[in-house]
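J.: Pasting a structure below so you can have a look.
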Amino acid sequence: MKGGVNDETTGSWTAATRRQLERRLPWENLLPDRQPFYVGSWVYVFGVVTIAALAWVVLSGIVLAAFGPQWWHLSGTGRFFNSLHFWSVQVFFVFMVLHLWGQYFMASWREGRAPTWMIGVVTFAISIVAAFTGYLAQQNFAAQWIAMNAKDAINGTGVGGFFNVLNFGQMYGLHVMLLPIAIIALVFLHIVQVRMKGVVPPIGHAPESPVMLNLRK
Amino acid sequence: MISQRAGQTAEQGVRTVRYDLLKELAIAMIVSLILILGLSVLLSSPDVPSVTIQSWAQADPVDLVTTANDELAGQSATALYGPPYNHGTDAVQSIGPISPQTWGGVHGRVDPPNDFVINPLKQAASNDAQLSADISAWQAASADQQSKWHDAYATALKDAKVTDGKVTVADGDYGPMPNMMGHLLSLAQTGALDGLLLSSDHFYQTDYSKPLLFMNDGGYVPALADGQHLTGDQWGMMNETGLYPGQTWLWLYTLWYQIPPFNQVSYTDLLVVLMMVLLTTLLLLVPFIPGLRDIPRLVPIYRLIWRGYYTETEASAR
């Protein structure tokens, strides 16, 4: 052993990665069974409900994708799964926005947590694009009209030739594959960041202040 | 949820309490599922059927013929649009020298006179010598003559009558227009035009650019959208058909379309998109922007969120 590292693993990318993960994200942080006592507000529930709704969005979306884009127009069961998808998206966005505002007023980027905030904002932006492509992929009147209207904004930015909202195949592919993968990956990163850094302390909180030391029992 | 119990051990300088991450997630999953199931069972989801060129031609044949007349003469919104569809200029948005739409260039060229009218009619003209001759007459005519036929027919269409689905206008010098448009209307009413605008050299199709652009040039679809409160001046992009919530998260994007100076310039879309890019960037960089990052400290909402903490610490300080 040399400095706690086995000589045989020196120079090993795998071992170095494992050591970094063990140091920066130990199991106690990844799956905690204790939290600071100030983590007790309903505001903390917004984030976890957002994740739960995302899970239902993905699961209902998998069923819809498995049966194809026209199924839900023709089948009562399909319509039911589309309803689950529709409402889980609504719940997802409601709680994501509540989570965003809650974290803003908690100034949750403090003490090295700016990357966590930024990943969250990017996830929010990509989620809007994912929902937008979903509305375009509905294959009904709303999808037609949204495509007709949205084309002008997309074309105005010069990307209409590459991101063609009138092309159902392109929008459907983005909606059921690429954008969900991006969102799930970003949400995973967001959670890992939260677990690595821990929950942001209250504004004005000083861990070693006399007040806090008195609270240690 | 947090299970708070007195006498917990201290970690990282802070008193901690019991917490079960996975139980919290499981409860959130169950509660959200109950909510989503309840909404789905009670309210279902919106699904107003799509409009086809066939349904348009059957419901409002005069509008379809009027639109096709403009397409043939190269005077429709799509024909004059500009990038990425063609080299027109009517829909090109720029702020001074900044014109990303022009920079983006033309992709997937759309040629309304040929794509929407001539080529579909040629399909139908294979066994119709008169139609074939009319198409040739149109193509052989000078631009000035084509324009005169178009204008005269467009004027006559304002007083057109519909009998058994056929459009008739007062006698006049319209050249080959009535016969050509009559055949195009028949193609549309049978549903053939839906397929002809979608087909290309490939068997499988997913690109609906041409039929959607053709329908968007008419007045029928926008009128339906207006009835469903979906147009731009009705905050359309964030609305959904019926009484269902739509993309309410687009409220800020849609807001700019309702207010000056955004709704008073010719480059509204570009200005709105640039504004949203700016605002999203500001949101992304909040942690680093003095003022924006200080608002939470000035607005005592955080004292409500952590009221237990502040009550406890302030009582302890006294």
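The values are calculated or read from the model by the stated rules, or taken from the named source; none is laboratory data. A quick note: this is a predicted structure, and the numbers were derived from the prediction, not measured. Glycine also receives a Cβ, built like all others from the backbone with ideal geometry; neighbour counts cover every protein chain displayed.
J.: Only one of these conditions is not met by A:Gly61: (1) assigned to a helix (DSSP H, G or I); (2) in contact with a Pro (Cβ under 8 Å, 6 or more places away or on another chain); (3) farther than 22 Å from B:Gly246 by Cα. Which number is it?
T.: The one condition A:Gly61 does not meet is (3).
J.: Do any residues in region A:1-27 that are outside the structural domain of A:Gln193 (by TED's automatic domain parsing) and outside any loop (DSSP other than H, G, I, E, B) have Cβ atoms under 6 Å from those of residues that are surrounded by 10 or more Cβ atoms within 10 Å (Cβ to Cβ) and modelled with pLDDT of 90 or more, where the two are at least six apart or on different chains, and which pairs are they?
T.: Qualifying pairs under 6 Å: A:Thr9/A:Ala15; A:Arg24/A:Met196.
J.: Follow-up question, since we're still on this one. Return the pairs, sorted by first residue and then second, in which the second residue is not small (Gly, Ala, Ser), the first residue lies in region B:29-40 and is over 16 Å from A:Val57 (Cβ atoms), the beta carbons are less than 9 Å apart, and the residues are 6+ apart or on different chains.
T.: Close Cβ pairs satisfying both conditions: B:Gly38/A:Trp87.
J.: Return the residues of region B:61-112 that are of a type in the set (Gly, Ala, Ser) and more than 21 Å from B:Tyr208 (Cβ to Cβ); say none if nothing qualifies. Steps first, please.
T.: The first filter runs over region B:61-112 and keeps only residues of a type in the set (Gly, Ala, Ser), leaving B:68, B:73-74, B:76-77, B:79, B:82, B:88, B:91, B:94, B:96, B:99, B:104-105, B:108.
Correct list: B:Ala73, B:Gly74, B:Ser94, B:Gly96, B:Ser99, B:Gly105.
J.: Can you spot a residue in region B:261-268 that is at the interface with chain A (Cβ under 7 Å from one of its Cβ atoms), surrounded by 17 or more Cβ atoms within 10 Å (Cβ to Cβ) and not in a loop (DSSP other than H, G, I, E, B)?
T.: Within region B:261-268, none of the residues are at the interface with chain A (Cβ under 7 Å from one of its Cβ atoms), surrounded by 17 or more Cβ atoms within 10 Å (Cβ to Cβ) and not in a loop (DSSP other than H, G, I, E, B).
J.: So in region B:97-134, with the set limited to residues that are touching a residue at least 60 places away in the same chain (Cβ under 8 Å), in a helix (DSSP H, G or I) and of a type in the set (A, V, I, L, M), which one is surrounded by the fewest Cβ atoms within 10 Å (Cβ to Cβ)?
T.: So, considering only residues that are touching a residue at least 60 places away in the same chain (Cβ under 8 Å), in a helix (DSSP H, G or I) and of a type in the set (A, V, I, L, M), the one surrounded by the fewest Cβ atoms within 10 Å (Cβ to Cβ) is B:Ala124.
J.: Here are B:Ala68, B:Ala91: which of them is aliphatic (A, V, I, L, M) and part of a loop (DSSP other than H, G, I, E, B)?
T.: Numbers: B:Ala68 fails: part of a loop (DSSP other than H, G, I, E, B).
One residue alone meets the criteria, B:Ala91.
J.: Moving on. Is at least one residue of region B:133-150 within 30 Å of A:Asn167 (Cβ to Cβ) and either under 33 Å from the mean Cα position of the chain (by Cα) or β-branched (Val, Ile, Thr) (or both)?
T.: So far as region B:133-150 goes, yes, one or more of its residues are within 30 Å of A:Asn167 (Cβ to Cβ) and either under 33 Å from the mean Cα position of the chain (by Cα) or β-branched (Val, Ile, Thr) (or both).
J.: Of everything in region A:44-56, what is of a type outside the set (Gly, Ala, Ser) and either under 12 Å from the mean Cα position of the chain (by Cα) or not assigned by TED's automatic domain parsing to the domain that holds A:Arg79 (or both)? Give them in sequence order. Spell out the reasoning first.
T.: Start the filter on region A:44-56 by keeping residues that are of a type outside the set (Gly, Ala, Ser), which leaves A:44-46, A:48-51, A:54, A:56.
Selection gives A:Val48, A:Val49, A:Thr50, A:Ile51, A:Leu54.
J.: I've got another one for you. What do you reckon, is A:Asn155 surrounded by fewer than 21 Cβ atoms within 10 Å (Cβ to Cβ) and either over 16 Å from B:Arg109 (Cα atoms) or among the polar types (S, T, N, Q) (or both)?
T.: no
J.: Quick one: which residue in B:Ala170, B:Ala188 is surrounded by fewer than 16 Cβ atoms within 10 Å (Cβ to Cβ), at pLDDT 95 or above and either away from chain A (no Cβ under 11 Å) or closer than 18 Å to B:Pro49 by Cα (or both)?
T.: Details: B:Ala188 fails: surrounded by fewer than 16 Cβ atoms within 10 Å (Cβ to Cβ).
Only one candidate passes the filter, namely B:Ala170.
J.: Here's a follow-up. Take the residues in region A:115-131 that are in contact with a Phe, Trp or Tyr (Cβ under 9 Å, 6 or more places away or on another chain) and more than 7 Å from chain B (Cβ to nearest Cβ), then tell me which one is surrounded by the most Cβ atoms within 10 Å (Cβ to Cβ).
T.: Narrowing region A:115-131 to residues in contact with a Phe, Trp or Tyr (Cβ under 9 Å, 6 or more places away or on another chain): A:115-118, A:124, A:127-128, A:131.
With more than 7 Å from chain B (Cβ to nearest Cβ) added as a condition, the list becomes A:115-116, A:124, A:127.
Values: A:Pro115: 15, A:Thr116: 22, A:Phe124: 20, A:Ser127: 24.
This residue is A:Ser127.
J.: In addition: Within region B:230-244, identify whether any single residue is farther than 25 Å from B:Gln101 by Cβ, within 11 Å of chain A (Cβ to nearest Cβ) and of a type in the set (Val, Ile, Thr), and answer yes or no.
T.: Scanning region B:230-244, I find at least one residue that is farther than 25 Å from B:Gln101 by Cβ, within 11 Å of chain A (Cβ to nearest Cβ) and of a type in the set (Val, Ile, Thr), so the answer is yes.
J.: Restricting to region B:193-209, count the residues that are without any contact (Cβ under 8 Å) to a residue 40 or more places away in the chain and surrounded by fewer than 21 Cβ atoms within 10 Å (Cβ to Cβ).
T.: Within region B:193-209, the first condition is being without any contact (Cβ under 8 Å) to a residue 40 or more places away in the chain, and the residues that meet it are B:195, B:198-206, B:208.
Going one step further and asking which of them are surrounded by fewer than 21 Cβ atoms within 10 Å (Cβ to Cβ), we end up with B:195, B:198-206.
Number of matching residues: 10.
J.: Where the second residue is among the polar types (S, T, N, Q) and the first is in the same structural domain as B:Glu71 (by TED's automatic domain parsing) and lies in region B:137-152, which pairs have Cβ atoms under 8 Å and are six or more apart or on separate chains?
T.: Short answer, once both residue conditions are applied: B:Trp138/B:Gln146; B:His150/B:Asn69; B:His150/B:Gln75.
J.: Kindly indicate the residue of region B:269-280 that is surrounded by 13 or more Cβ atoms within 10 Å (Cβ to Cβ) and more than 8 Å from chain A (Cβ to nearest Cβ) and also nearest to A:Gly112 (Cα to Cα) among those meeting that condition. Outline the logic, then answer.
T.: Of region B:269-280, the ones surrounded by 13 or more Cβ atoms within 10 Å (Cβ to Cβ) are B:269-276, B:279-280.
Then drop every residue that is not more than 8 Å from chain A (Cβ to nearest Cβ), which leaves B:271, B:274-276, B:279.
On the way: B:Leu271: 35, B:Leu274: 30, B:Met275: 29, B:Met276: 27, B:Leu279: 23 Å.
Looking at residues that are surrounded by 13 or more Cβ atoms within 10 Å (Cβ to Cβ) and more than 8 Å from chain A (Cβ to nearest Cβ), I get B:Leu279.
J.: In region B:135-161, which residue that is surrounded by fewer than 12 Cβ atoms within 10 Å (Cβ to Cβ) and of a type in the set (A, V, I, L, M) is farthest from B:Ala73 (Cα to Cα)?
T.: The qualifying residue farthest from B:Ala73 (Cα to Cα) is B:Ala140.
J.: Step by step: first the residues of region B:210-224, then only those that are under 16 Å from A:Gly161 (Cβ atoms) and buried (at least 23 other Cβ atoms within 10 Å of the Cβ), then the one that is farthest from the other protein chains (Cβ to nearest Cβ). Which residue is that?
T.: Per the criteria, the residue is B:Leu213.
J.: Just to check your reading of the model, which residue among A:Gly169, A:Gly160, A:Gly134 is within 8 Å of chain B (Cβ to nearest Cβ) and crowded, with 20+ Cβ neighbours inside 10 Å?
T.: A:Gly160
J.: If you check A:Trp109, A:Trp87, which single one turns out to be within 19 Å of B:Ile36 (Cα to Cα), more than 15 Å from the chain's Cα centre (by Cα) and modelled with pLDDT of 95 or more?
T.: A:Trp87
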